[in-house]
Amino acid sequence: MWIPPEFLDVRISASDMSFDVCPTNRNLYLSEIEKVKLPADPSRVLGKAVESLYFRIYEVVTKHVYDLAESKQYVKIDPWEVLHGQDPDLIKRSIQDAEEKCKSGDFAATDLDALTGKLKKILDFEAHLSTSLVQNQLSRLADHRVKGFYDDLMHFSIEPTYRAELLGFSTPVKPDFVYGGKTIGDIKTGNWHEFKKLAFTGYALAYECDRHQPMNSGIIHQVHFKDSLGVPLHYNTKVEIITNELRTQFVTRRDAKLEVLRNGNDPGKPDKKICEQNECPFIPHCWGKK
Ligand code: SF4
């Protein structure tokens with residue numbers, strides 16, 4: 001599992017490790033060796049804004065429940081109200097976060113009205129969900145242990161960091177969240193691809209390397225949108241066991257990527273169909289514009 005001695009001088013970021021679009025790793029050669037710049041892409045802004053909005057919703061609802069449970073003002077507990085009291089501010093601030101984290105070209109290419117509409121779907125959905133969960137709990141327990149219930153149900157550690165140089169990662173490695181100390185995860189937008197599982201596998205191994213404790217399950221919270229539906233879609237969000245197969249796959253792919261970075265040679269292209277299936281952003285560069 002540790003990095004082999006021949007790669008000790010090479011490091012890879014967690015995002016380059018998990019963005020496994022290309023079987024030959026030509027994407028890595030192009031971005032890291034040839035320094036090819038990708039065209040502006042608004043999907044990166046969507047990804048960062050969605051991530052930020054989830055973190056903000058979690059922060060707002062947690063503070064609201066804790067404060068009112070602490071002062072025993074149970075009648076005022078209403079996540080819907082508090083979340084919508086901060087809308088559109090919450091959405092605006094999430095878009096600002098994305099602007100700060102993304103390249104200016106990506107942000108300039110973003111349709112901000114469409115982005116706001118997608119974030120609003122998430123806000124409404126999470127406001128409904130959190131309100132139902134908390135109100136249901138209040139209706140069922142005479143002693144109102146709502147804070148304990150909330151702690152158990154919503155036990156997230158947001159953006160923890162781990163050192164994992166021994167695995168070949170440039171550090172720190174920063175997953176989006178750890179849930180209940182048992183499941184490590186990432187929030188992703190766009191279409192589902194099986195290679196996305198490499199993200200939580202890498203994070204789990206980094207956690208184990210840093211904490212010396214097992215991390216045996218992972219999740220990609222996959223968020224998708226359809227104009228015909230008013231709710232965000234989570235078709236592929238599910239907890240997965242981090243099997244030996246996934247761990248072996250991680251090591252094999254990591255060593256192949258590190259080899260590309262070490263030798264600096266063009267590794268060549270796979271069948272074009274694979275590039276298209278994986279929606280690789282380098283297609284115009286590798287295959288020419290249609
Ligand atoms: S377009 Fe194809 S060959 Fe080029 S980097 Fe992407 S997957 Fe690899």
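Every number in this text was worked out from the coordinates using simple rules, so none of it is lab data. Quick caveat, the model's predicted, so the values are computed rather than measured. Don't worry about glycine lacking a Cβ; one is built from the backbone with ideal geometry, like all the others, and counts go over all protein chains shown.
Of note:
- Based on Cα contacts under 8 Å between residues 6+ apart, segment 42-155 shows a relative contact order of 38 percent.
- Net charge, L68 excluded, C-beta distance under 12 Å - Lys, Arg +1, Asp, Glu -1: 0
- Among 157-167, 31-41, the peptide with the highest mean count of other Cβ atoms within 10 Å heads the list, and the full ranking is 157-167, 31-41.
- Shown in residue order for segment 152-160 are the 3J(HN,Hα) couplings computed by the Karplus curve 6.51 cos²θ - 1.76 cosθ + 1.60 at θ = phi - 60°: 5, 6, 10, 7, 10, 10, 8, 6, x Hz (x for Gly and Pro).
- Listed residues T171, G190, Q213: farthest to the positive end of the dipole of segment 145-290 (Cβ charges): G190
- Taking a sphere under 10 Å around the Cβ of C275 and counting the other residues whose Cβ falls inside, with K and R at +1 and D and E at -1, yields a net charge of +1.
- DSSP-loop trypsin sites (Lys or Arg not before Pro) across segment 62-142, with at most 11 other Cβ within 10 angstrom: K72
- Percent of C-alpha pairs per 10 Å bin, segment 42-155, short to long: 14, 41, 25, 14, 5, 0
- For peptides 1-8, 180-187, sequence by mean Cβ density within 10 Å, most packed first: 180-187, 1-8
- Degrees between helix 197-211 axis and first principal axis of the chain (Cα, 0 to 90, nearest 10): 80
- Overall shape: oblate for segment 115-161, with the ratio a/c of the largest to smallest alpha carbon gyration tensor axis at 1.5 or above and b/c at least equal to a/b.
- The chain: angle of helix 244-263 to the longest principal axis, Cα-based, in degrees nearest 10: 50
- Of all DSSP beta bridges in the chain, antiparallel share, percent nearest 5: 60
- FRET E, pair H212, D87, Förster distance 30 Å, beta-carbon r, rounded to 0.05: 0.10
- Local electrostatic count at H234 - Lys and Arg +1, Asp and Glu -1, tallied over other residues with Cβ under 15 Å: 0
- Distances between placed amide hydrogens fall under 5 Å for T189 paired with V223, all partners being 5 or more residues away or on another chain.
- Stretch gain in nm, segment D152-K35, where the contour uses 0.36 nm per residue and the Cα spacing is subtracted: 37.5 nm
- Here segment 11-33 and segment 124-203 have alpha carbon centers that stand 26 Å from each other.
- All lysines inside 29 Å of K289 as judged from Cα atoms, apart from same-chain residues fewer than 8 positions distant: K35, K37, K48, K101, K103, K188, K196, K226, K257, K269, K272, K273
- Total charge dipole magnitude, the chain, about the Cα centre, Cβ charges on Lys, Arg, Asp, Glu only, Debye to nearest 20: 340
- Going from the fewest other Cβ atoms within 10 Å to the most, the residues L119, L138 appear in the order L138, L119.
- For the chain, the equivalent ellipsoid derived from the alpha-carbon gyration tensor has semi-axes of 37, 24, 15 Å in decreasing order.
- Placing R0 at 22 angstrom, the Cβ-Cβ distance between T248 and T24 gives a FRET efficiency of 0.70 after rounding to 0.05.
- The long axis of helix 112-140 is offset from the longest Cα principal axis of the chain by roughly 50 degrees.
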